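For reference, the structure is listed below as structure tokens.
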Amino acid sequence: MRGAVRIATLRGIPIRLHYSFLLVLPVLAWLFSQAFRNAAEAADVPPERLLGHPLAWGLGLVVALFLSVLVHELAHSFYALRKGGQVSDITLMMIGGVSRITRMPEGPRQEALMALVGPLTSLALGGLFLAAYTLLAGARSFNLQFAVFYLGSLNVFLGFFNLLPAFPMDGGRILRSLLSVRLGRVRATQVAGGVGKAFAVLFGLLGLVSGNFVLVLIAAFVFLGAASESREVLMQSLLARVRVREVMVPRTASVEAEDSLEEVAARLRTERRRALPVREEGRVVGLVTLAAVRQVPAARRSQVRVREVALPVPTLTPESTAWDALRELGQRRLPQLPVVLEDGTLAGTLTQDDVMRGLELRELEDTPRSGPWGLGPRERESPT
Ligand SMILES: [Zn+2]
């Protein structure tokens, strides 16, 4: 995700902090410090017995919020990993976290469970802290009491809030899974997305009336998220019906694994390409990219063989779906993929542009109004 800096890596998952979080941090800390007396009374703690400046408590609370969101997101991610999914990263933003799960456990049931583990973890954690708060009630350690009260409340709030059926929040994902059993995934996403947008409008109005800008931001996040996820699911269902052979370009230029990078550089220039498939004994064994060639100093390129810098590529056949192709291109950040026949020979190549152009050309065959895509031009812009 853009505008985010990596702060840690947990079980291979990069944890990123979005700059928007740094923006909201002082504001939230200040808001809490303003409400400090009331906050203390809510926790049944005499404010004058608390050590430290209210702002310091506010800052502590924001850090606690950050850690609570992280635990919540890790619950989603670890569940996905355990069920054979793939997680590319977790980004902590101003208004919560986003786990980018690139391969989901299949099926509505798994999807619902994956959405549920986040809020359940938050609620369990919140329950533990609140139980500790009750246990501490007679102990007269006001600072600790105050801290666990807010840690508990924060997590309970996080749990319940995320369970609201406002797609793409967790509750909305659970709603979508339940609906998709009857309606199918595309229709279920549209319905859940509609509910999500309605919630977003409600959040927005509430936020404006009460002057709560965090709620307004959440509204915007939910609204945009609902729109973009609906679009993606629609795109996925369309592209799943298109075969690679319909959109690939039958370019069969390639290089041999034994060639030097100097030869590859010349070949990339004459073919005007950013990458070329690599062959060995007639079979495709990988891909060599312009970026990989450029990493080797020009003077050394005559001594380096293609096989040393070639990237492994997934097997893409003419019968694969365009959706699979786009997903592989996106996940591996490759400029193109070779399309390979069953015997391992090269049939052509495919780029993201090829898929988009193929779709547009296909549409020429249909009347624009009632084409099988049923999509306006705007909605086709972002494929991934
Ligand atoms: Zn969640």
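The values are calculated or read from the model by the stated rules, or taken from the named source; none is laboratory data. On a predicted model such as this, the values are computed, not experimentally measured, just so you know. Note that each Cβ is placed from the backbone with ideal geometry, even for glycine, and that neighbours are counted across all protein chains shown.
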(message) Anything in the range 147-180 that is among the hydrophobic types (A, V, I, L, M, F, W, C) and under 30 Å from R49 (Cα atoms)? List them, or say none.
(response) A147, V148, F149, L151, L154, V156, F157, L158
(message) Yes or no: the range 319-327 includes at least one residue that is crowded, with 16+ Cβ neighbours inside 10 Å, touching a Pro at 6+ places or on another chain (Cβ under 7 Å) and part of a strand (DSSP E or B).
(response) no
(message) Condition first: away from the ligand (no atom under 11 Å from the Cβ) and touching an Asp or Glu at 6+ places or on another chain (Cβ under 7 Å). Now tell me which residues in the range 63-103 satisfy that.
(response) R100
(request) Name every residue in the range 255-296 that is among the small types (G, A, S) and in contact with a helix residue (DSSP H, G or I) (Cβ under 9 Å, 6 or more places away or on another chain), in order of residue number. (result) A257, S260, A265, A275, G286, A292
(message) When you check L183 against the structure, is it of a type outside the set (F, W, Y), within 16 Å of the ligand (Cβ to nearest atom), modelled with pLDDT of 85 or more and surrounded by fewer than 21 Cβ atoms within 10 Å (Cβ to Cβ), yes or no?
(response) no
(request) Return the pairs, sorted by first residue and then second, in which the second residue is near the ligand (Cβ under 10 Å from one of its atoms) and part of a loop (DSSP other than H, G, I, E, B), the first residue lies in the range 155-180 and is touching a residue at least 40 places away in the same chain (Cβ under 8 Å) and charged (D, E, K, R), the beta carbons are less than 9 Å apart, and the residues are 6+ apart or on different chains. (result) R176/P168
(request) Six or more apart or on different chains, Cβ under 6 Å: which pairs go from a residue in the range 109-132 that's closer than 20 Å to A80 by Cα to one that's away from the ligand (no atom under 12 Å from the Cβ) and outside any helix (DSSP H, G or I)? Could you list them? (result) Q110/K83
(request) Could you identify the single residue in F157, F223, F142 that is within 20 Å of the chain's Cα centre (by Cα), surrounded by fewer than 22 Cβ atoms within 10 Å (Cβ to Cβ) and either of a type in the set (F, W, Y) or in the same structural domain as L359 (by TED's automatic domain parsing) (or both)? (result) F223
(message) Take the residues in the range 106-152 that are in a loop (DSSP other than H, G, I, E, B) and either among the charged types (D, E, K, R) or under 19 Å from P46 (Cβ atoms) (or both); name whichever of them is nearest to the ligand (Cβ to nearest atom).
(response) E106
(message) I'm trying to understand the selection: among the residues of the range 160-213, which are of a type in the set (F, W, Y) and assigned to a helix (DSSP H, G or I)?
(response) F160, F161, F199, F203, F213
